[in-house]
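Novice: One structure is given below, represented as C-alpha cells, and several questions about it will come after.
The values are calculated or read from the model by the stated rules, or taken from the named source; none is laboratory data. Please read these numbers as outputs of a predicted model, since none were measured by experiment. Because the Cβ atoms are built from the backbone with ideal geometry, glycine has one as well, and the counts that use them run over all protein chains shown. Just the protein is used for accessible areas: all its heavy atoms, side chains included, with ligands, DNA and RNA removed. Shrake-Rupley method; radii C 1.70, N 1.55, O 1.52, S 1.80 Å.
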Amino acid sequence: MWSMFKKLQKILLVDDSESDNYIHARKIAKADVTDEIIVKYSGIEALDYLCNKNSEEDYPRPQLIFLDINMPGMNGWEFMEAYDQIEEKMKANVVITMLTTSIADSDKELAMKRSDINAYENKPLTEKKLWNILEKFFPERFVDEDK
C-alpha cells in the first residue's frame, strides 16, 4: 500500500445540491488529498470560474472536477459542450468525473463515449470512490516513503 499521496492543488465540485456539495467536500477534506476545494452551484458558475484569471494572472485549472449531470440552467452535458469551446490554457491537465444520481444507462454510455470525461460515478462520493479515481488518474502522486 502507498504510504503517501502528494496533494492536488485544486478540486472543483460542480453541483446544484448544497447538501451533496457539503458531503462531498467533507469526504475530500477528510481524505486530505487537495490544498483547495472549490464549490460551484451551476455549470455557468463553474465556467465563469475556469475562464477568469486569479490574482497571479493565471487560470485556476483544477486537476480534478466532479460534475453533476442534472442541474438547472446548464446541466452537465451543456457544461461539457461549453467546456469544449474554452481555450486549452484554461483547461490544463484536468480529470473530469461525472458524479450523479442518474441511473440512466444512456447517461453512462454517453459519458464513456466522450474522451474528455474520464470517469462516471454515482452519488454519493465515498472515500473508496475518491481513492480509486486518484489511483487511476494520478498514479504519479502516490509515493512510497520507504524508497
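Novice: Once segment 66-147 is represented by equal point scatterers at the alpha-carbon sites, with solvent omitted, what log10 I(q)/I(0) does the Debye formula produce at q = 0.11, 0.24, 0.27 Å⁻¹?
Specialist: -0.35, -1.27, -1.42
Novice: How would MET90, MET4 line up by accessible area, probe 1.4 Å, largest first?
Specialist: Values: MET90 15, MET4 80 Å².
Correct descending sequence by accessible area is MET4, MET90.
Novice: Still on this structure: Over segment 1-51, one equal point on each Cα, no solvent: what is log10 I(q)/I(0) by the Debye formula at q = 0.26 Å⁻¹?
Specialist: Computed log10 I(q)/I(0) values: -0.98.
Novice: Stokes-Einstein diffusion coefficient for the chain at 37 °C in a medium of 0.692 mPa s, Rh from the Kirkwood formula over Cα pairs: what value in µm²/s?
Specialist: Numbers: Rh = 15.7 Å.
So the translational diffusion coefficient is about 209 µm²/s.
Novice: Moving to a separate point now. Given a 1.4 Å probe and heavy atoms of the protein chains only, how would you sort ASP68, ASP105, largest accessible area at the top? Provide the component values of the computation, followed by the final result.
Specialist: Working: ASP68 5, ASP105 110 Å².
Reading off the accessible areas and sorting them downward yields ASP105, ASP68.
Novice: Across segment 101-118, in residue order, what do the Karplus-derived ³J(HN,Hα) couplings come to in whole Hz, using 6.51 cos²θ - 1.76 cosθ + 1.60 with θ = phi - 60° and x for Gly and Pro?
Specialist: Each residue's phi maps through the Karplus curve to give 8, 4, 9, 6, 4, 4, 5, 5, 4, 5, 4, 6, 6, 7, 6, 8, 10, 8 Hz.
Novice: Right, here's the next one. With respect to the cross-link table entries LYS30/LYS136; LYS89/LYS113; LYS53/LYS113, which display a Cα-Cα separation exceeding 26 Å? Show your work: numbers first, answer last.
Specialist: Working: LYS30/LYS136 20 Å; LYS89/LYS113 24 Å; LYS53/LYS113 31 Å.
Pairs exceeding 26 Å: LYS53/LYS113.
Novice: Sticking with this one: Ignoring ligands, DNA and RNA, what percent of the 1.4 Å accessible area of segment 12-85 is carbon and sulfur?
Specialist: On the way: 1620 of 3660 Å².
Solvent-exposed carbon and sulfur of segment 12-85 make up 44 percent of the total.
Novice: Okay, next question. If you filter segment 1-92 for chymotrypsin sites (Phe, Trp or Tyr not before Pro), then keep DSSP loop positions with at most 14 other Cβ within 10 Å, what is left?
Specialist: On the way: sites: TRP2, PHE5, TYR22, TYR41, TYR49, PHE66, TRP77, PHE79, TYR83; in loops: TRP2, TYR41.
Answer by residue number: TRP2.
Novice: Using the Karplus curve 6.51 cos²θ - 1.76 cosθ + 1.60 with θ = phi - 60°, what ³J(HN,Hα) values do you get for each residue of segment 50-66, in whole Hz, with x for Gly and Pro?
Specialist: Karplus-based 3J(HN,Hα) across segment 50-66 equals 5, 8, 10, 5, 8, 5, 8, 6, 10, 7, x, 6, x, 7, 9, 10, 9 Hz.
Novice: With the other protein chains left in place, how much accessible area per residue, in square angstrom, belongs to the chain at a 1.4 angstrom probe? Don't skip to the end; give the middle numbers.
Specialist: Values: 8230 Å² over 147 residues.
Here the residues of the chain average 56 Å² of exposed surface.
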